[in-house]
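Trainee: Next up is a structure, given as structure tokens.
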Amino acid sequence: MPFGHDMVHSLATVVDLINTSPATGGPDRLTDLRELGEFVERHQVSGVGELCSSDLNQVRAAREAFHKVFTAPDQATAVIRLNTLLSETRITPRLTEHDGHPLHVHYFAPGASVGEHLSADLGVALAHLLVEGEWERLRTCSAPDCDNVFVDESRNRSRVYCDSRTCGNRMHVAAYRARRRA
Ligand SMILES: [Zn+2]
Ligand SMILES: [Zn+2]
């Protein structure tokens with residue numbers, strides 16, 4: 001499953017967006033315009049002007065809608081939820097090579113707000129992933145105190161922790177201690 005650079009970027013962005021949500025176990029990390037600005041900066045979301053409170057509300061709503069796609073109990077439900085999200089988003093495919101990136105397609109409509117921008121581009125990326133039969137790769141961390149989402153890019157779809165260095169390592173240490181006690 002070699003993802004193109006564009007897909008990799010979109011998936012990293014949607015994962016980070018969802019994981020700012022308190023629904024994934026940590027504090028809410030998208031509570032004001034400063035945090036939204038940092039998110040936009042971190043993922044180089046292009047063509048974003050002055051941010052306002054309606055942007056924050058829209059992005060927070062998109063975050064919840066994307067989280068529902070990741071946590072769908074089965075592929076059919078993920079498809080329904082993603083279609084709902086896409087149906088509420090204006091989409092205009094357009095080739096671009098802004099900021100020195102190789103030629104790629106943007107899907108957000110001209111003049112779109114940052115919330116619409118994310119819904120369009122990240123929504124289409126997830127749509128392609130589902131079309132490729134890769135729905136199973138949208139995962140939630142298996143550590144008991146962590147509900148971060150991640151995209152399992154391993155060859156045999158065997159990844160269960162959001163981050164092998166943090167959650168994975170913590171769980172391995174716990175398992176080791178449990179074995180020593182036994
Ligand atoms: Zn771009
Ligand atoms: Zn985790």
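Trainee: Identify the residue in segment 143-165 that is free of Cβ contacts under 8 Å to residues at least 40 places away in the same chain and near ligand 2 (Cβ under 10 Å from one of its atoms) and, among all such residues, is surrounded by the most Cβ atoms within 10 Å (Cβ to Cβ).
Mentor: Y161
Trainee: Looking at (1) crowded, with 18+ Cβ neighbours inside 10 Å; (2) more than 16 Å from ligand 1 (Cβ to nearest atom), find the lone condition where V40 falls short.
Mentor: Going through the list (1) crowded, with 18+ Cβ neighbours inside 10 Å; (2) more than 16 Å from ligand 1 (Cβ to nearest atom), V40 breaks only (2).
Trainee: Being aliphatic (A, V, I, L, M) and within 16 Å of ligand 1 (Cβ to nearest atom) is true for just one of V131, V124. Which residue is that?
Mentor: Unique residue meeting the criteria: V124.
Trainee: Within segment 89-104, is there a residue that is more than 16 Å from ligand 2 (Cβ to nearest atom), of a type in the set (S, T, N, Q), within 17 Å of V14 (Cβ to Cβ) and at pLDDT 95 or above?
Mentor: Of all residues in segment 89-104, those more than 16 Å from ligand 2 (Cβ to nearest atom) come to 89-104.
Narrowing further to those that are of a type in the set (S, T, N, Q): 89, 92, 96.
From what's left, within 17 Å of V14 (Cβ to Cβ): 89.
Now drop any that are not at pLDDT 95 or above, which leaves 89.
Yes, because at least one residue in segment 89-104 is more than 16 Å from ligand 2 (Cβ to nearest atom), of a type in the set (S, T, N, Q), within 17 Å of V14 (Cβ to Cβ) and at pLDDT 95 or above.
Trainee: Sort through E50, E35 and tell me the only one that's part of a loop (DSSP other than H, G, I, E, B) and more than 28 Å from N83 (Cβ to Cβ). I'd like the intermediate steps shown before the answer.
Mentor: Details: E35 fails: part of a loop (DSSP other than H, G, I, E, B).
Being part of a loop (DSSP other than H, G, I, E, B) and more than 28 Å from N83 (Cβ to Cβ) holds for just one of E50, E35, which is E50.
Trainee: Right, another one. I need every pair where a residue in segment 167-182 that is without any contact (Cβ under 8 Å) to a residue 60 or more places away in the chain has its Cβ under 6 Å from the Cβ of a residue that is of a type in the set (A, V, I, L, M), sequence separation at least 6 or different chains.
Mentor: C167/A143; M171/A143
Trainee: Just wondering, is there one or more residues in segment 120-129 that are of a type in the set (D, E), at pLDDT 90 or above and open to solvent by less than 30 Å² (accessible area, probe 1.4 Å)? Walk me through how you get there before you give the answer.
Mentor: Filtering segment 120-129 for residues of a type in the set (D, E) gives 121.
This time we only want the ones that are at pLDDT 90 or above, so: 121.
Subset that is open to solvent by less than 30 Å² (accessible area, probe 1.4 Å): 121.
Yes, segment 120-129 contains a residue that is of a type in the set (D, E), at pLDDT 90 or above and open to solvent by less than 30 Å² (accessible area, probe 1.4 Å).
For (1) small (G, A, S); (2) surrounded by 14 or more Cβ atoms within 10 Å (Cβ to Cβ); (3) within 16 Å of ligand 2 (Cβ to nearest atom); (4) at pLDDT below 95, each residue gets a yes or a no:
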position	(1), (2), (3), (4)
I18	no, yes, yes, no
S21	yes, yes, yes, no
L30	no, yes, no, no
E35	no, yes, no, no
G47	yes, no, no, yes
R60	no, yes, no, no
A65	yes, yes, no, no
K68	no, yes, no, no
T71	no, yes, yes, no
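The values are calculated or read from the model by the stated rules, or taken from the named source; none is laboratory data. Since we're looking at a predicted model, the values are computed, not measured. All Cβ positions, glycine included, derive from the backbone under ideal geometry; neighbour counts span all protein chains shown. What goes into the accessible areas is simple: the full protein's heavy atoms, side chains included, and nothing from ligands, DNA or RNA. Shrake-Rupley method; radii C 1.70, N 1.55, O 1.52, S 1.80 Å.
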